[in-house]
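Undergrad: Right, I'll just put the structure down here and ask away after.
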Amino acid sequence: MIDTHILKYPLSTEKSLRLLESENKLVFIVDLKATKKQVREAFEKAFNVKVQQVNLVITPKGLKKAYIKLSPESPALDIATQLGMM
């Protein structure tokens, strides 16, 4: 289901759940070499939704986080439920 070469796993921290509810964003750990375009394409293909914006951050632990904002017609809560986060 998830393209594990690019999208590794979703984060379900307090902050990521707050972003999920308030801003329709999901937070994923992604491959260090992945670009915004690759993350967008992999996410849209895996979940059949429209991605509005992708922001990437490298954490001090050396992981790359992707903040994926979905379009208003694609509720992030549905995907979180599908992934078993909720």
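Undergrad: Kindly evaluate LEU32 against the criterion of being surrounded by 13 or more Cβ atoms within 10 Å (Cβ to Cβ) and in contact (Cβ under 8 Å) with a residue 24 or more places away in the chain. So that I can check it myself, show each step before the final result.
TA: Values: surrounded by 13 or more Cβ atoms within 10 Å (Cβ to Cβ): no; in contact (Cβ under 8 Å) with a residue 24 or more places away in the chain: yes.
When the stated conditions are applied, LEU32 does not pass them.
Undergrad: Condition first: in contact with a Lys or Arg (Cβ under 8 Å, 6 or more places away or on another chain) and either surrounded by 14 or more Cβ atoms within 10 Å (Cβ to Cβ) or within 14 Å of ILE29 (Cβ to Cβ) (or both). Now tell me which residues in segment 67-78 satisfy that.
TA: The answer is TYR67, ILE68, LYS69, LEU70, SER74, ALA76.
Undergrad: Go through the residues of segment 61-79 one by one and say whether even a single one is among the aromatic types (Phe, Trp, Tyr), over 14 Å from LEU11 (Cα atoms) and within 12 Å of the chain's Cα centre (by Cα).
TA: Here is the first cut: in segment 61-79, the ones among the aromatic types (Phe, Trp, Tyr) are 67.
Restricting the remaining residues to those that are over 14 Å from LEU11 (Cα atoms) gives none.
No: segment 61-79 contains no residue that is among the aromatic types (Phe, Trp, Tyr), over 14 Å from LEU11 (Cα atoms) and within 12 Å of the chain's Cα centre (by Cα).
We did not get these values from a lab; they are worked out from the coordinates using the rules stated. On a predicted model such as this, the values are computed, not experimentally measured, just so you know. For neighbour counting, all protein chains shown are included, and Cβ atoms are generated from backbone atoms with ideal geometry for every residue, glycine included.
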